[in-house]
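The values are calculated or read from the model by the stated rules, or taken from the named source; none is laboratory data. Quantities reported herein were computed from a predicted structural model and do not represent experimental measurements. Backbone-built Cβ (ideal geometry, glycine too); neighbour counts: all protein chains shown. These accessible areas exclude ligands, DNA and RNA; they are computed on the full protein's heavy atoms, side chains included. Shrake-Rupley method; radii C 1.70, N 1.55, O 1.52, S 1.80 Å.
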Amino acid sequence: MIGSSYIFTYTPVALKPTAELVRGMEVVIKGRPLAPTTLYDLLCRNFRLLGSEGLVLMAIAAIDMAAWDAAARTTKLPLAKLLGASPARIPAYASLRNMKPDDLAKEAESLLPSGFRAFKFKIGWPDLDDDLAAIRALRAVVGDGVEIMVDFNQSLSVADAKRRIRALEGLGIAWVEEPTLMTDLVGQSEIRRVARIPIQAGENWWGPPDAARSIAAGATDLVMADLMKIGGVTGWLRTAALAEAAGLPLSSHIFPEVSAHCLAATPTAHWLEYLDLAGSILAEPLTVSNGYVTASDQPGSGVAWNEKAIAKYAT
């Protein structure tokens, strides 16, 4: 049985080495039973000295997601059902690509017909007034009954993060994402302690160990898992268990097709991030209806290729 998955390397420079890592891992798993968690642990053990983070973990995650897809197809079940759940309606927020007020407002307006009740965008302009202007421009378009999340993308010092978050109070912000370096757990914990807006973190955790350290440090109010960086479906499940034990809501970061299945099986499921990166090459892109997504009810993870579209990019 064939399983499919995709990952997103952010920069073309990383594409070739990541693909080579995936191909190189074949020798480790070839001929072994289709048991995703066993394969995941085997691959991590093989990279113990080098470390199963960065591009290595991204390659492992690609294999893990494909293995889970193959296992679900083999059992003729949607991935959510293989994970012990049923495909469910998951609330989705629109992740916006723009930062400038006018562009941001136009993009959000174009997405309102899909019924989104929450929007997220990046802030962190050199001048705080520009951040505030962007938030107000988005609020003017989406209205008061819609949630707005903001993402600093680790761009601030601890002192500046505390100052800026204070300035956001009263603007109806649902969460502030990654205000400072995700490796600075002491700094994140300090920000969280004084902030009156929930702090979101996790997009850049490398696997469940990073999640465990951050949660133990009290560095976040909310948890966000990125399937590629957290270690695929296996890494997600282990992180979801940590979030459940700590009572923390868990949201997804990109990869909405597979994330919808994982969130259906997540006890503290919160929001699904909707940012369409792969729809143009998928046979059945995930759709949003009235602000919700529902995982595919077909066998597998929902990742199946539009072969004609794929052919345009094949080399």
Given (1) under 18 Å from L83 (Cα atoms); (2) free of Cβ contacts under 8 Å to residues at least 40 places away in the same chain, number of the condition A67 does not satisfy:
(2)
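Out of curiosity, is A59 within 19 Å of W271 (Cβ to Cβ) and open to solvent by less than 20 Å² (accessible area, probe 1.4 Å)?
Spelling it out, it is not the case that A59 is within 19 Å of W271 (Cβ to Cβ) and open to solvent by less than 20 Å² (accessible area, probe 1.4 Å).
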The range 34-64: number of residues that are touching a residue at least 60 places away in the same chain (Cβ under 8 Å) and under 22 Å from P256 (Cβ atoms)
9
If you go through the range 191-217 one residue at a time, how many are in a helix (DSSP H, G or I), touching a helix residue (DSSP H, G or I) at 6+ places or on another chain (Cβ under 9 Å) and either in contact (Cβ under 8 Å) with a residue 60 or more places away in the chain or over 20 Å from M58 (Cβ atoms) (or both)?
5
A260: passes all of (1) open to solvent by 60 Å² or more (accessible area, probe 1.4 Å); (2) of a type in the set (A, V, I, L, M, F, W, C); (3) touching a residue at least 40 places away in the same chain (Cβ under 8 Å) but (1)
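Does E190 meet the test of being under 30 Å from T294 (Cβ atoms) and acidic (D, E)? Spell out the reasoning first.
Working: under 30 Å from T294 (Cβ atoms): no; acidic (D, E): yes.
Criteria not met by E190.
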Restricting to the range 132-169, and then to whatever is touching a strand residue (DSSP E or B) at 6+ places or on another chain (Cβ under 8 Å) and either among the polar types (S, T, N, Q) or part of a loop (DSSP other than H, G, I, E, B) (or both), can you tell me which residue is farthest from G187 (Cα to Cα)?
V146
Of all residues in the range 274-287, how many are within 11 Å of A260 (Cβ to Cβ) and either modelled with pLDDT of 95 or more or assigned to a strand (DSSP E or B) (or both)?
1
Provide a single number: the residues in the range 29-47 that are open to solvent by 80 Å² or more (accessible area, probe 1.4 Å), assigned to a helix (DSSP H, G or I) and among the charged types (D, E, K, R).
1
Restricting the range 218-240 to residues that are among the aliphatic types (A, V, I, L, M) and in a strand (DSSP E or B), the one surrounded by the fewest Cβ atoms within 10 Å (Cβ to Cβ) turns out to be L222
